[in-house]
Structure formats: structure tokens, C-alpha cells
1. Among the candidates Y258, Y173, single out the residue that is under 27 Å from I107 (Cα atoms), among the hydroxyl-bearing types (S, T, Y) and out of contact with any strand residue (DSSP E or B) (no Cβ under 6 Å at 6 or more places or on another chain).
2. If L136 satisfies all but one of (1) over 22 Å from T30 (Cα atoms); (2) open to solvent by less than 40 Å² (accessible area, probe 1.4 Å), what's the number of the condition it fails?
3. Go through K168, K113 for me and flag whichever is of a type in the set (K, R), in contact (Cβ under 8 Å) with a residue 12 or more places away in the chain and in a strand (DSSP E or B).
4. Would you check if V52 is in contact (Cβ under 8 Å) with a residue 40 or more places away in the chain and in a loop (DSSP other than H, G, I, E, B)?
5. Pull up region 95-114, narrow it to residues that are touching a Pro at 6+ places or on another chain (Cβ under 7 Å) and charged (D, E, K, R), then point me to the one that is least open to solvent (accessible area, probe 1.4 Å).
6. What residue, of A248, A189, A194, is open to solvent by less than 30 Å² (accessible area, probe 1.4 Å) and either of a type outside the set (D, E) or out of contact with any His (no Cβ under 8 Å at 6 or more places or on another chain) (or both)?
7. I want to confirm something. Restricting to region 7-49 and keeping residues that are free of Cβ contacts under 8 Å to residues at least 12 places away in the same chain and in a loop (DSSP other than H, G, I, E, B), which single residue is most open to solvent (accessible area, probe 1.4 Å)?
8. Can you tell me which residues in region 197-210 are assigned to a helix (DSSP H, G or I), in contact (Cβ under 8 Å) with a residue 60 or more places away in the chain and open to solvent by 60 Å² or more (accessible area, probe 1.4 Å)?
Amino acid sequence: MSYRPAIQSIINAIETVIVGKEDVIAKSLTALLAGGHVLLEDVPGVGKTMLVRTFSRAIDLDFKRVQFTPDMLPSDLTGISMYNQKTKEFEYRPGPLMGNIVLADEINRTSPKTQSALLEAMAERSVTVDGEVKILPSPFFVMATQNPIEHEGTYPLPEAQLDRFLLKIEMGYPSFNEEIALLTRFEKAEPLEALQSVITKHEVEQMQREVRDVHVSSAVKQYIVRLIHESRNDPNTYLGGSPRATLALMKAAQAWAYIHNRDFVLPDDVKALAGSVLGHRILLTAEARYKGKTAEQLVKGWLDTLPVPMDREVKEV
């Protein structure tokens, strides 16, 4: 793949720690530059937490980690107001949401009440403490993890909260050779400790602004909307993509085009991200699940049947 030089430097830095996950890294960068959030779902031990820590180190962003537990309260995330005996005033003590990159580890292990506090932060870029709104730092990027295997003592995320994640990404196991390289890399050193930042927070904010200027032609917009309508009309689904999903797919495609050094969106950009954008937003019927179908398979089927815009239409205003 050919990336924008600044993006390539970030990917190269992250790959000094993370082995063989270029697509996962690129999609995570896409979510960051599109102003969205990522849900990393996979079994324990495949590097979800390490990926987020490496991200924050490579991009020189303020990193906060929250290990979610059943007894966690919303104030454990948002912070609290405490009375100062010296000043005789209440002072705000920030919680871990006051960071640029927030790792929400095992998000499905905490109660819906606490999940809702994170939902507000993700949606509104602010938190409410004692009736006062606190604006979160910019950029604000949540990378949440959850284990799809173990369900005991968990609280499944409601559809409204799943919809707040721009992308859902699965890490997957490394290949045989990648796992050998992993052992060699970590045999005598801890690569994360030696990792240096290659880009600043202000450069990230500038790239986020530039992403919004990536052109989306009328033909590509129609292509996106047709795909969303397929998700609503398919008899295998009882909940298709919402208008928020339509916007999410367009914004993600803009960022994907941007990191690949283009100022316009191709249908291939939509195809590359459709599964990650729509997979967690589409609910299948019981019959479809019984037949072993998945949302990702349905998305691929819709893409295979939709007419693709012609090259000359892609750059048209």
C-alpha cells in the first residue's frame, strides 16, 4: 500500500512494536483522523492493549487507560469535585477521560450506567460533573476493547453505544512467521520503551481538518447510500444501517482516501471500510444467525451486486 509520508512514518513506528497488523493500524489511524472511535474485539492476548499504548507513544498524545470493572462508577471516568479546605472552594479533579487517547479496556465488564458516561464523552466530546459541562481535550480518541468469548459477568453494549464506534476491528492471530518475528523482537528488549514520537498533537489536528476537505463525488455518495439501503431492505436483517451509519461510512472513506495520499474518495475506499463500519451496526434475524450468516458476509454480498461508479464520475463535483 502507498501511504501519505506522515502516515507511513506513524505506521513504521508502530510496526517496530506491533508485528504484521498493517491493516489494523491503518484502520485505527483512519478512525482517529475521521474524528471517530474504535472498538477492538478479539480474544485475550492478541495485542489489543499493546496496540493502543503504541499508538499513543508514536503520536505523542496524552494517554489514559481505564480498566473497566463491574463496581466502577461514572465519576471514576469523568472525575469529581472535591472541597479544598485551604481555598474553601470545590475543585475539579479530572478523571481518565481527560486524555487524548483513552484505552477503555474490557468495556463490556462495567455497568450500563458507567457505559453511558463514556457514551456521552464519545458523542459530545464533553462530560458533565455536578451539573457543569467539562470540555474534553482535542483530539479525543477512544479505543475500547472487549472479549467476544467470555460472557460471564459482562454487560453487552446496547446498539446505541455500538453505533458510537466508527469502526469495529478484529486483531486476529499472527501468522506462523509473524509469531516467530514476535518472539525474536521481544526476546531481549521491550520495543515500546524505545519508541519515539514521530508526529505531534497539532499535526494530528491539522490532518483531521484536511480530511474534511477530501472530495466525495455525487456518484460515490449515491454508492454509499445504496449500500445502506441494501442493509435496510435485506430480509436477513431486522435492523439496517442508520443515517449515522451513512455519515460514518462517508467520513471513514474520506480519511482512508487521505491516508492513501488522495484528495478524493474512490469506491474502493468504501469497499475497504464497509465491513468495519457496518458490521456492528447491522442486526441479523434469528433465522439468518441460525444459518450461520454474519453481517460482514452480508456486506460483502451487497458490495458484489451494487453497480460501481465509473472512474470519470469519481472526481466530479
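1. Working: Y258 fails: under 27 Å from I107 (Cα atoms).
Residue meeting the stated conditions: Y173.
2. (1)
3. On the way: K113 fails: in a strand (DSSP E or B).
One residue alone meets the criteria, K168.
4. Here the answer is no, as V52 does not meet what is asked.
5. R109
6. A248
7. Within region 7-49, the match that is most open to solvent (accessible area, probe 1.4 Å) is G45.
8. First pass over region 197-210, keeping only residues assigned to a helix (DSSP H, G or I): 201-210.
Going one step further and asking which of them are in contact (Cβ under 8 Å) with a residue 60 or more places away in the chain, we end up with 201, 203-205, 207-208.
Matches in region 197-210: K201, E203.
The values are calculated or read from the model by the stated rules, or taken from the named source; none is laboratory data. It should be emphasised that the depicted structure is a prediction, and the values quoted were computed from it without experimental measurement. For neighbour counting, all protein chains shown are included, and Cβ atoms are generated from backbone atoms with ideal geometry for every residue, glycine included. Heads up: the accessible areas ignore ligands, DNA and RNA and are worked out on the full protein's heavy atoms, side chains in. Shrake-Rupley method; radii C 1.70, N 1.55, O 1.52, S 1.80 Å.
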